[in-house]
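Everything below concerns the one structure shown next.
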Amino acid sequence: MEALDAIYMKDGTLRLATPLELPDSTPVKVTIDVQTADGAQSSLDAVYQALDQRCETGIADLAARHDEHQP
């Protein structure tokens with residue numbers, strides 16, 4: 001299996017970054033892995049996912065006093 005870069009066009013076609021040496025009408029299987037234009041956005045999404053898993057402890061200054069709560 002070979003990974004290729006392509007751009008999706010408005011007319012519904014994919015334009016490959018490099019041409020393939022395949023005969024016309026050769027059947028292929030395409031798997032779509034959408035790449036973000038900015039890698040920082042995907043990193044930011046990961047941060048938001050982690051923040052979504054936080055919980056309310058009721059201790060307002062827990063981070064400042066984390067050593068006091070060690071077992």
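The numbers here are math on the coordinates, done by the rules we state, and not lab data. Everything numeric here is computed off the predicted structure, so don't read it as measured data. When we count neighbours, we look across all protein chains shown, and the Cβ atoms used for this are built from the backbone with ideal geometry, even at glycine.
Hey, got the dipole for the chain? About the Cα centre, +1 on K and R Cβ, -1 on D and E Cβ, debye to the nearest 20?
Working: 5 positive and 13 negative charges, 37 e Å.
With only Lys, Arg, Asp and Glu charged at Cβ, the dipole is about 180 debye.
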Distant-in-sequence amide H partners of Ala6 (H built 1.01 Å from N, under 5 Å): Ala17
Top positive-direction residue, dipole computed over the chain with Cβ charges, set Thr13, Thr57, Val30: Thr13
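For Tyr8, Tyr48, which order do you get if you count the other beta carbons within 10 Å of each Cβ and list the fewest first? Walk me through the numbers before you get to the answer.
Values: Tyr8 11, Tyr48 8.
Lowest count first: Tyr48, Tyr8.
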Using θ = phi - 60° and Karplus 6.51 cos²θ - 1.76 cosθ + 1.60, couplings along the stretch 55-63 (whole Hz; Gly, Pro as x): 9, 8, 8, x, 9, 5, 10, 4, 5
Helix-only mean residue ellipticity at 222 nm for the chain, each DSSP H run of n ≥ 4 adding -39500 (n - 2.57), per residue, nearest 500: -6500 deg cm²/dmol
Table column - 3J(HN,Hα) (Hz), the stretch 25-32, Karplus curve with 6.51, -1.76, 1.60, x for Gly and Pro: 6, 6, x, 9, 10, 10, 10, 8
Crossing angle, helix 39-52 versus the chain [Cα axis fit, 0-90 degrees, rounded to tens]: 40 degrees
